[in-house]
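To start, the structure itself, in structure tokens.
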Amino acid sequence: MTVREVEFVIVGGGVAAAKAAEGFRAAGGEGPGVVLAAEPELPYERPPLSKEFLRGEAGRDKTRTHDEAWYRDHDVEVLLATRASTLDPATRTVTTEVGDQLRYAAGLVLATGAQPVRLELPGEDLDGVYYLRTVEDAERLRAAISRAESMVIVGGGFIGAEVAASATQMDTRVTILELADTLWTRAVGPEMGRFLEAFLRDRGVHVRTRTRAERLEGGRQVEAVVLPDGSRLPADLVVIGVGARPDTGLAERAGLPVDDGILVDGQLRAAGGVWAAGDVASAEHPLFGRIRVEHWAEALNQGLLAGRNLAGAGERYDRVPDFFSDQFDLHLSYLGHVREWDELVVRGSREVAEPRFVAWYLRGSAPRAALIVNDRHAEDPVREVIRRGRPVDPARLADPGVELGEL
């Protein structure tokens with residue numbers, strides 16, 4: 001067992017962890033730092049895993065947030081394939097699975113991310129059944145797709161839709177099974193979910209909603225997905241993507257407050273000397289209350305903020321959250337945060353052949369969120385409208401003749 005004294009420790013191997021180290025240095029933080037990355041990889045970004053990396057259009061180096069030289073030049077040591085087993089905030093000590101201890105002076109950032117929800121279907125242990133979370137998962141899945149004629153995706157969320165688009169582009173026949181009435185209902189609501197469902201169908205993806213997988217069948221290799229009525233969908237491989245849960249185990253064992261994520265304040269602080277960022281952080285937001293957003297943009301920006309605050313910046317988390325998705329020729333971005341809305345107002349064309357629109361989610365006539373499709377230039381003015389939080393005439397929101405900047 002070794003005991004080391006360092007200035008800061010970051011637990012995690014994703015973009016939030018990498019950006020926390022960057023934020024600490026950008027805010028003038030000094031002293032040696034250590035990143036504990038559970039995977040044998042430098043911290044990397046996960047969005048490419050279901051898109052360009054999965055399709056073989058980008059290598060591992062394109063997924064990394066920083067290269068090895070950056071960590072060396074900024075006095076940050078990355079301990080690969082190293083898991084933290086315990087955290088003691090009182091003594092500012094992290095202990096790894098092999099018993100080594102790191103004692104930190106300035107503080108610690110928990111960026112442990114989320115883990116896929118395991119469906120535990122009968123037959124899930126067959127060869128050819130995949131969950132997608134790591135770069136190694138994506139590499140194995142890419143090889144399997146290249147050999148497959150047909151595949152079934154259980155779950156029609158973001159990962160499921162993106163993998164379906166990529167696999168279809170790789171000339172594999174894809175069927176999505178979704179339990180809800182349409183796709184992405186929880187994220188964007190049924191009306192926009194139906195648009196996305198129609199879009200995927202138009203691009204060649206088979207979508208079956210209100211459909212549950214009962215079990216998987218095969219000898220050693222998966223051969224079919226069996227539905228509750230006994231019908232069988234042939235499948236050379238199966239991808240399961242039914243959501244993720246925040247990885248709060250280390251925080252819970254340390255006695256930190258946890259409720260669907262690590263509870264942090266408006267500066268992303270969980271307790272004295274401990275911050276959290278990214279998928280695992282349930283943060284107080286001045287516009288939206290307590291929110292937890294499992295997407296790249298929030299991991300990046302929260303990581304930077306947590307690192308800066310670790311160095312004493314004292315900044316607040318007030319950015320309008322957003323996430324994006326790319327599927328075929330569709331670029332989708334969702335800004336803001338709303339679980340219930342009074343009215344949905346759409347500006348632009350929802351034609352699946354060439355969609356381009358902004359869908360506004362209103363509460364009390366105030367835009368609380370917006371779904372933007374194929375219009376990147378709309379993102380900044382839409383974000384500003386949401387940030388202001390003021391009522392806007394729905395007729396003006398829907399009118400393409402009114403410049404977004406005028407709203």
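Points worth noting:
- Estimated [θ] at 222 nm from DSSP helical runs (n ≥ 4, -39500 (n - 2.57)) normalised by residues in the chain, nearest 500: -7000 deg cm²/dmol
- Cβ-placed point charges (K, R +1; D, E -1), dipole of the chain about Cα centre in debye, nearest 20: 500 debye
- Kirkwood Rh in Å, taken over all unlike Cα pairs in the chain: 22.4 Å
- Ellipsoid semi-axes for region 91-209, based on the Cα gyration tensor and the rule √(5λ), read 36, 20, 13 Å when sorted largest first.
- Note, ³J(HN,Hα) from phi for region 109-126, Karplus 6.51, -1.76, 1.60, rounded to Hz, x at Gly and Pro: 10, 8, 10, 7, x, 9, 10, x, 5, 8, 6, 6, 6, x, x, 5, 7, 5
- The label-point distance for residue 74 and residue 88, in a model that sets each label 7 Å from Cα toward Cβ, rounds to 3.0 nm.
- Heavy atoms of residue 30 accessible to a 1.4 Å probe, total area in Å² rounded to 10: 150 Å²
- Atom-type composition of the exposed protein surface of the chain places 43 percent of the accessible area on carbon and sulfur (1.4 angstrom probe).
- For the peptides 206-215, 324-333, 225-234, residues were scored by their other Cβ atoms within 10 Å and the scores averaged per peptide; the highest-first order is 324-333, 206-215, 225-234.
- Size descriptors for region 1-110, from the alpha-carbon set: Rg then Dmax equal 14.5, 47 Å.
- Relative to the globular-protein estimate of 2.2 N^0.38 Å, the Cα radius of gyration of region 165-284 stands at 1.45.
- Chain lengthening between residue 399 and residue 227 when straightened (0.36 nm per residue, less Cα-Cα): 57.4 nm
- The charge dipole of region 267-367, taken about its Cα centre with unit charges on the Cβ of Lys, Arg, Asp and Glu (plus for the first two, minus for the last two), comes to roughly 380 debye.
- Accessible area per residue in Å² at 1.4 Å probe, computed on region 181-262: 49 Å²
- Residues with amide H under 5 Å from that of residue 328, placed H, sequence gap 5 or more: none
- Close amide H pairs (under 5 Å, H built 1.01 Å from N) link residue 173 with 150, 151, residues at least 5 positions away or on another chain.
- For region 306-407, the spread of Cα positions along each principal axis, largest first, Å: 49, 34, 26
The values are calculated or read from the model by the stated rules, or taken from the named source; none is laboratory data. The shown structure was predicted, so the numbers you read here are calculated from the model rather than taken from an experiment. Don't worry about glycine lacking a Cβ; one is built from the backbone with ideal geometry, like all the others, and counts go over all protein chains shown. Surface areas here come from the heavy atoms of the whole protein model, side chains and all, with no ligands, DNA or RNA. Shrake-Rupley method; radii C 1.70, N 1.55, O 1.52, S 1.80 Å.
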